[in-house]
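Read through the structure below, which is laid out as structure tokens, and then see the notes.
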Amino acid sequence: MIRRTLLLAALGLVVVACEGAKGPAGAPGRDGTNGQDGQDGSNGTSCTVTDNHDGTHTITCTDGTSVTVSNGATGGNVAITDFHGAAFMKSSGEYATGKFDVKVTITSATAAADGTLAVDFTAATPGAGGQPVPGIAAITADVAKLVPGTATERASRFVPYITRIETATTGDWPNPAGTTAVQGNTEGNGALTDHGDGSYTYVFATNLANATTEGAPVGYQRNLLHRVSVMIGGHDGPTGEATFDFVPDGSAITTTRNIVQTAACKACHGEEFHGHGGNRLSVENCATCHVPGTADANGGQSLDLAVMIHKIHAGGELASLPGADGKIWDDPSTPADESADNGEYAIWGYRNTKHEWWKAEFPAVLANCQKCHTGTGAQVDNWKTNPTRQACGSCHDTVDFATGANHLGGAQADDSGCATCHGATTGWAPIVPAHDWTTKDPRNVPEFDAELSLSAPANGKYYVAGEAPVVTVVLKDKATGTPIDHDLVTGAALGCLPTGCPAPTSPTTFANTAFFMSGPRATRNPVLTTTARAKIEAAAPASWDLSGGAALALKVDNGRDVTMYNQTGGDFVASGTISVTVPAAAFANPAAATPAELAAGLNAIPAFSRRAIAYVEGGRFGIRSRNLGRLYAIQLDPSAVTTAVFGGDTALKLPGGYYPSNTLAFNAAPGAANDRKVTRTAGSITYQLDPVDDLQPGTYVASVEISRLGRVSETNYRTPTVAKVAFQVKTAAVEKPIASNCNSCHQSADGRGFVLDFSRHNKIFSDDAVDQCGACHDYQPGSATGAWLGGHPISKRVHAVHFGSSLFTPLATVAYSNGDPVAGRNWDITFPQDVRNCQACHPDGTSSGTWAARPNRLACWGCHDGDAAKAHMALQTLDPTPANPWSGDEQESCQACH
């Protein structure tokens, strides 16, 4: 037993002593066999689906359970108008959470002798047949009296009965804590009675007879005009506003103050124009709080409407803002910071938020007072008939009337002497001539008036295939109205300086005689002129040995195929890659083939003539594209005709010139290429256009830019005379322009205003400005790779300029050749209303409406220039040559979803 125990113990020791480290895991064993299938489950209960016809469906099952689900959003079909346009603006943002517009009309106002003021008003939905809006539970209101002007204080002024005192606290503003200022105010604690039919009565809590400002009585003068305002909503619920003028004692209104009307503001700021609170919707209302004597406690700036609005709209042009260097922006090309000596104009508004406007630029020329002072207001001409220190000093704000600094008339203690020197058109410095910027600088006054006309179409309405219009240009001396001698020759630019212009080299020597043809309005491209041709021509008149065969291979429009239709409406593809052979029978002697024979032979071959035209002009043989593709181009491939006729030239040919202009004057320089389509006589210049056969139906535009003295530099120039004329091709229906509203911001009612690029183009921003601008800013890239040269496409350029302050890469997106003509600005421009309101520039009725119906990369890229947006555009574009994204072979799919 003992032996057995010892043996077991020894074995145990051996086991312990022999145990080594664990070995690696063994390979996984094989899978076991599958188990048997389980029994089938019992059938589920039946369910039914019911359409509730309200965007939901209810699923009900026999076990008593049910669930209601909403319809999912439709995939794709994201219309442009879902995120842009006037209708979108009225259904998104605050409008999506309950705000809606109401038309408020004050029907009467009565102010009793004891100072009790009551106002009757109605609220209805806007538009014809508006429905009453009952249930309005709260409003705000204000009231002011109009104090007539005097000999020393020439401007009438509203005096509010309801005011408040703003007290500055400690903060990042000029005035110390404790500074106070009077401000106009409103009330909402009166008695509002809802009559249940959309009509209301509001009795003011403020008693006019007892009203005070800073402890002093306002003074209830019942014989003066009083203006009451009713304001409703602002950020939610029914929103509207109205004003009403009356005289409390019942006498007739004899004194008014209607200087600027709300319609003038909406011309730029759109229908969503409003002030703080969202319920100040008219200038007539603003004028009752923003009055002389009111100020911002933090900064000390006047809140008087005449002063504040002038300063805001002057922006960076305000006299006190640029420093001694006269520059508001820091020029990155210089070591100095030109903005370091800028002044400041700022108002600290709601919740002490600082507001500045130094980046703003008035869009219609700051001297153009009539841009805002227009309409039927009784005092609309006050800007020129009733000068005052406060109104004039708001723009001319470096003038100190108290000391006379910067005022040639010296110190002025009051307004009594203003009109002595500053009558409308009389006095030492009359106001109207002083503000007539159009005649002050001789560089910006064109030398001539131009008249353009076209030969009449056979049917008297529009040109059809087979017709080739002739454009006639007549120039008249601007001063005398006398026609000039039109036998013009080209000459060097002499320019013009602000101090005066030199005499011309000769009456008929002109530096610039540019003629343009473009269209149709929907897709502007150069057409019908020599420059518009994508062509190749033989070096000289000649005949050629084609006895070995007259084969020709070429590509037109970068080889892009187009779909065409036969006389029965059947579609077929017209290839952009052409390979044809002119039969020997086309030549009297193939060894001496003539240009006329070769042209006739090629034009007789449908595969060629569908896409190209062979022609003879001046004895020289040429081939040009019919310009049916997106990129106008022609390129010969190696072939017998290429070698014999064109010397083996296989380079890509595009419409000529950095800009698609044609020179009307004769160039006498040896070897100069003069346009064969131009005829010059003493009485006129005519231009023979190509036949209109290949043009799409629509409206086309001929235009000129002509200057005798021309442009030497950006500052030494004489602005060109410009003119344009539209005409119809293959349809009598005038094609509406894509945009037609430039003048709403950029011009006053008399048609004067902002002019872009006086030195080169004299672009007048009228309602049809795009007819001139589109002549250069067309949709032909102008390079073999499709890279844009010259005038970049108008849709992208204009969108980008107006949205510059919000772009990711404004310099690249605007793509102006010199970055930005205002150094350092970097296109930091803000559109004066919500940029998504596309109808601001593309108004219903007068424009084509294609902003909503024809989305495309160029137009959308002008605003949507982020990497994600550009990647989306690239992904949704079929492009066989992605390295050249504008080469004409792209197929956009924008309209599939948008």
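The values are calculated or read from the model by the stated rules, or taken from the named source; none is laboratory data. Values in this document were obtained by computation on a predicted structure and should not be read as measured data. Positions of Cβ are generated from backbone atoms using ideal geometry, with glycine treated the same way; all protein chains shown enter the neighbour counts. Side chains included, ligands, DNA and RNA excluded: accessible areas come from the protein's heavy atoms. Shrake-Rupley method; radii C 1.70, N 1.55, O 1.52, S 1.80 Å.
Taking segment 784-813 as the region of interest, how many residues are in contact with a Leu (Cβ under 7 Å, 6 or more places away or on another chain) and open to solvent by less than 20 Å² (accessible area, probe 1.4 Å)?
The initial filter retains those residues of segment 784-813 that are in contact with a Leu (Cβ under 7 Å, 6 or more places away or on another chain), namely 784, 786, 793, 795-796, 800, 813.
If we keep only those that are open to solvent by less than 20 Å² (accessible area, probe 1.4 Å) too, we end up with 786, 793, 796, 800, 813.
Adding up the residues that qualify gives 5.
Out of the residues in segment 850-878 that are open to solvent by 30 Å² or more (accessible area, probe 1.4 Å) and part of a loop (DSSP other than H, G, I, E, B), state the one that is farthest from ASP767 (Cα to Cα).
Residue satisfying both the conditions and the ranking: GLN876.
For segment 879-898, enumerate the residues that are surrounded by fewer than 19 Cβ atoms within 10 Å (Cβ to Cβ) and more than 19 Å from ALA787 (Cα to Cα).
Looking only at segment 879-898, we keep the residues that are surrounded by fewer than 19 Cβ atoms within 10 Å (Cβ to Cβ), and these are 879-883, 885, 891-897.
Once the filter is applied, which keeps residues that are surrounded by fewer than 19 Cβ atoms within 10 Å (Cβ to Cβ) and more than 19 Å from ALA787 (Cα to Cα), segment 879-898 yields SER893, CYS894, GLN895, ALA896, CYS897.
So which of ALA252, ALA264 is outside any loop (DSSP other than H, G, I, E, B) and not acidic (Asp, Glu)? So that I can check it myself, show each step before the final result.
Values: ALA252 fails: outside any loop (DSSP other than H, G, I, E, B).
So the residue among ALA252, ALA264 that is outside any loop (DSSP other than H, G, I, E, B) and not acidic (Asp, Glu) is ALA264.
Suppose the filter is among the hydrophobic types (A, V, I, L, M, F, W, C) and in a loop (DSSP other than H, G, I, E, B); does ALA391 pass it?
Here the answer is no, as ALA391 does not meet what is asked.
Residues in segment 206-236 that are surrounded by 18 or more Cβ atoms within 10 Å (Cβ to Cβ) and on the phi > 0 side of the Ramachandran plot: how many?
Residues in segment 206-236 being surrounded by 18 or more Cβ atoms within 10 Å (Cβ to Cβ) and on the phi > 0 side of the Ramachandran plot: 2 in total.
So which of LEU546, LEU554, LEU528 ends up being open to solvent by less than 10 Å² (accessible area, probe 1.4 Å) and either in a loop (DSSP other than H, G, I, E, B) or within 22 Å of PRO660 (Cα to Cα) (or both)?
On the way: LEU554 fails: either in a loop (DSSP other than H, G, I, E, B) or within 22 Å of PRO660 (Cα to Cα) (or both); LEU528 fails: open to solvent by less than 10 Å² (accessible area, probe 1.4 Å).
Residue meeting the stated conditions: LEU546.
So, in segment 305-358, of the ones that are under 20 Å from GLY275 (Cα atoms) and among the charged types (D, E, K, R), which residue ends up modelled with the lowest pLDDT? If you could, list the steps in order and put the result at the bottom.
Going through segment 305-358, the residues under 20 Å from GLY275 (Cα atoms) turn out to be 305-315, 345-358.
Now drop any that are not among the charged types (D, E, K, R), which leaves 311, 351, 354, 356.
Details: LYS311: 97, ARG351: 88, LYS354: 96, GLU356: 96.
Within segment 305-358, the match that is modelled with the lowest pLDDT is ARG351.
Going by what's in this entry, would THR105 be described as outside any loop (DSSP other than H, G, I, E, B) and open to solvent by 50 Å² or more (accessible area, probe 1.4 Å)? It would help to see each step written out before you state the result.
Numbers: outside any loop (DSSP other than H, G, I, E, B): yes; open to solvent by 50 Å² or more (accessible area, probe 1.4 Å): yes.
In short, yes.
Just checking, does segment 338-352 include any residue being in a loop (DSSP other than H, G, I, E, B), farther than 20 Å from ALA264 by Cβ, in contact (Cβ under 8 Å) with a residue 12 or more places away in the chain and in contact with a helix residue (DSSP H, G or I) (Cβ under 6 Å, 6 or more places away or on another chain)? Reasoning before the result, please.
Kept after step one, since they are in a loop (DSSP other than H, G, I, E, B), are these residues of segment 338-352: 338-345, 349.
From the residues that got through so far, the ones that are farther than 20 Å from ALA264 by Cβ too are 338-345, 349.
With the extra rule that they be in contact (Cβ under 8 Å) with a residue 12 or more places away in the chain, the set shrinks to 338-345, 349.
Applying the additional criterion that residues be in contact with a helix residue (DSSP H, G or I) (Cβ under 6 Å, 6 or more places away or on another chain) yields 345.
The answer is yes, given that some residue of segment 338-352 is in a loop (DSSP other than H, G, I, E, B), farther than 20 Å from ALA264 by Cβ, in contact (Cβ under 8 Å) with a residue 12 or more places away in the chain and in contact with a helix residue (DSSP H, G or I) (Cβ under 6 Å, 6 or more places away or on another chain).
Answer yes or no as to whether ILE312 is outside any loop (DSSP other than H, G, I, E, B), within 29 Å of HIS373 (Cα to Cα) and either assigned by the TED database to the domain that holds PHE158 or of a type in the set (A, V, I, L, M) (or both). Outline the logic, then answer.
Values: outside any loop (DSSP other than H, G, I, E, B): yes; within 29 Å of HIS373 (Cα to Cα): yes; either assigned by the TED database to the domain that holds PHE158 or of a type in the set (A, V, I, L, M) (or both): yes.
So ILE312 passes the test.
Restricted to segment 671-715, and to residues that are assigned to a loop (DSSP other than H, G, I, E, B), basic (Lys, Arg) and open to solvent by 40 Å² or more (accessible area, probe 1.4 Å), which residue is nearest to LEU454 (Cα to Cα)? Outline the logic, then answer.
First, pick out the residues of segment 671-715 that are assigned to a loop (DSSP other than H, G, I, E, B): 671-677, 681-684, 689-697, 708-710, 712-715.
Right, trim to basic (Lys, Arg) and you get 676-677, 708.
Now narrow it down to the ones that are open to solvent by 40 Å² or more (accessible area, probe 1.4 Å): 676, 708.
Details: ARG676: 18, ARG708: 24 Å.
Only one residue fits best here, namely ARG676.
Consider segment 434-477. How many of its residues are more than 30 Å from VAL734 (Cα to Cα), modelled with pLDDT of 95 or more and basic (Lys, Arg)?
1
What are the residues in segment 618-636 that are surrounded by fewer than 22 Cβ atoms within 10 Å (Cβ to Cβ) and within 21 Å of PRO590 (Cβ to Cβ), if any?
Residues satisfying the conditions are GLY619, ARG620, GLY622.
Cβ-Cβ distance below 9 Å, separation of 6 or more or different chains: which pairs start in segment 149-163 with a residue that is assigned to a strand (DSSP E or B) and end on one that is open to solvent by 20 Å² or more (accessible area, probe 1.4 Å) and hydroxyl-bearing (Ser, Thr, Tyr)?
These pairs meet every condition: VAL159/THR213; PRO160/THR213; THR163/THR212; THR163/THR213.
I'd like to know if segment 286-302 contains one or more residues that are assigned to a helix (DSSP H, G or I), in contact (Cβ under 8 Å) with a residue 12 or more places away in the chain and crowded, with 21+ Cβ neighbours inside 10 Å. Write out each step before concluding.
So in segment 286-302, the residues assigned to a helix (DSSP H, G or I) come out as 286.
From what is left, the residues that are in contact (Cβ under 8 Å) with a residue 12 or more places away in the chain are 286.
Subset that is crowded, with 21+ Cβ neighbours inside 10 Å: 286.
Checked against the condition, which is being assigned to a helix (DSSP H, G or I), in contact (Cβ under 8 Å) with a residue 12 or more places away in the chain and crowded, with 21+ Cβ neighbours inside 10 Å, segment 286-302 yields at least one hit.
Out of the residues in segment 110-140 that are of a type in the set (Gly, Ala, Ser) and under 24 Å from LEU208 (Cβ atoms), state the one that is surrounded by the most Cβ atoms within 10 Å (Cβ to Cβ). First the steps, then the outcome.
First pass over segment 110-140, keeping only residues of a type in the set (Gly, Ala, Ser): 111-113, 115, 118, 123-124, 127-130, 135, 137-138.
Checking which are under 24 Å from LEU208 (Cβ atoms) leaves us with 111-113, 115, 118, 138.
On the way: ALA111: 25, ALA112: 13, ALA113: 11, GLY115: 17, ALA118: 17, ALA138: 10.
Out of the qualifying residues, it is ALA111.
Within segment 460-495, track down each residue that is of a type outside the set (Asp, Glu) and open to solvent by 70 Å² or more (accessible area, probe 1.4 Å). Steps first, answer last, please.
Of the residues in segment 460-495, the ones of a type outside the set (Asp, Glu) are 460-466, 468-476, 478-484, 486, 488-495.
If the condition is that a residue be of a type outside the set (Asp, Glu) and open to solvent by 70 Å² or more (accessible area, probe 1.4 Å), then LYS461, LYS478, ALA479, THR480, THR482, PRO483, ALA492 are the ones that fit.
Going through segment 645-664 one residue at a time, which ones are farther than 24 Å from GLY774 by Cα and crowded, with 19+ Cβ neighbours inside 10 Å?
VAL645, PHE646 - these are the residues of segment 645-664 that are farther than 24 Å from GLY774 by Cα and crowded, with 19+ Cβ neighbours inside 10 Å.
Do we have any residue at all in segment 187-195 that's crowded, with 21+ Cβ neighbours inside 10 Å and part of a loop (DSSP other than H, G, I, E, B)?
First pass over segment 187-195, keeping only residues crowded, with 21+ Cβ neighbours inside 10 Å: none.
Within segment 187-195, not a single residue is crowded, with 21+ Cβ neighbours inside 10 Å and part of a loop (DSSP other than H, G, I, E, B).
Quick one: would you say LEU146 is crowded, with 17+ Cβ neighbours inside 10 Å, assigned to a loop (DSSP other than H, G, I, E, B) and touching a strand residue (DSSP E or B) at 6+ places or on another chain (Cβ under 7 Å)?
Working: crowded, with 17+ Cβ neighbours inside 10 Å: yes; assigned to a loop (DSSP other than H, G, I, E, B): no; touching a strand residue (DSSP E or B) at 6+ places or on another chain (Cβ under 7 Å): yes.
No, not satisfied.
Any idea which residue in segment 710-751 is nearest to PRO442 (Cα to Cα), counting only those that are charged (D, E, K, R) and either assigned by the TED database to the domain that holds ALA450 or out of contact with any helix residue (DSSP H, G or I) (no Cβ under 8 Å at 6 or more places or on another chain) (or both)? Please lay out each step first, then the result.
Just the residues of segment 710-751 that are charged (D, E, K, R), to begin with: 711, 714, 718, 724, 730, 735-736, 750.
Within this subset, residues satisfying the condition of being either assigned by the TED database to the domain that holds ALA450 or out of contact with any helix residue (DSSP H, G or I) (no Cβ under 8 Å at 6 or more places or on another chain) (or both) are 711, 714, 718, 724, 730, 735-736.
On the way: ARG711: 13, GLU714: 14, ARG718: 8, LYS724: 23, LYS730: 43, GLU735: 37, LYS736: 35 Å.
It comes out as ARG718.
Quick check on this structure: which one of THR420, THR403 is outside the structural domain of SER506 (by the TED database), free of Cβ contacts under 8 Å to residues at least 24 places away in the same chain and not in a loop (DSSP other than H, G, I, E, B)?
THR420
Working only within segment 214-233, note down all residues that are at pLDDT 95 or above and either hydroxyl-bearing (Ser, Thr, Tyr) or farther than 17 Å from PHE121 by Cα (or both). Don't jump to the end; show me each part of the working.
Keep residues of segment 214-233 that are at pLDDT 95 or above, which gives 216-233.
Within segment 214-233, ALA216, PRO217, VAL218, GLY219, TYR220, GLN221, ARG222, ASN223, LEU224, LEU225, SER229 meet the criteria.
Of ALA823, ALA852, ALA800, which residue is out of contact with any Asp or Glu (no Cβ under 8 Å at 6 or more places or on another chain) and either in contact (Cβ under 8 Å) with a residue 40 or more places away in the chain or on the phi < 0 side of the Ramachandran plot (or both)? Working first, answer last.
Working: ALA823 fails: out of contact with any Asp or Glu (no Cβ under 8 Å at 6 or more places or on another chain); ALA800 fails: out of contact with any Asp or Glu (no Cβ under 8 Å at 6 or more places or on another chain).
Residue meeting the stated conditions: ALA852.
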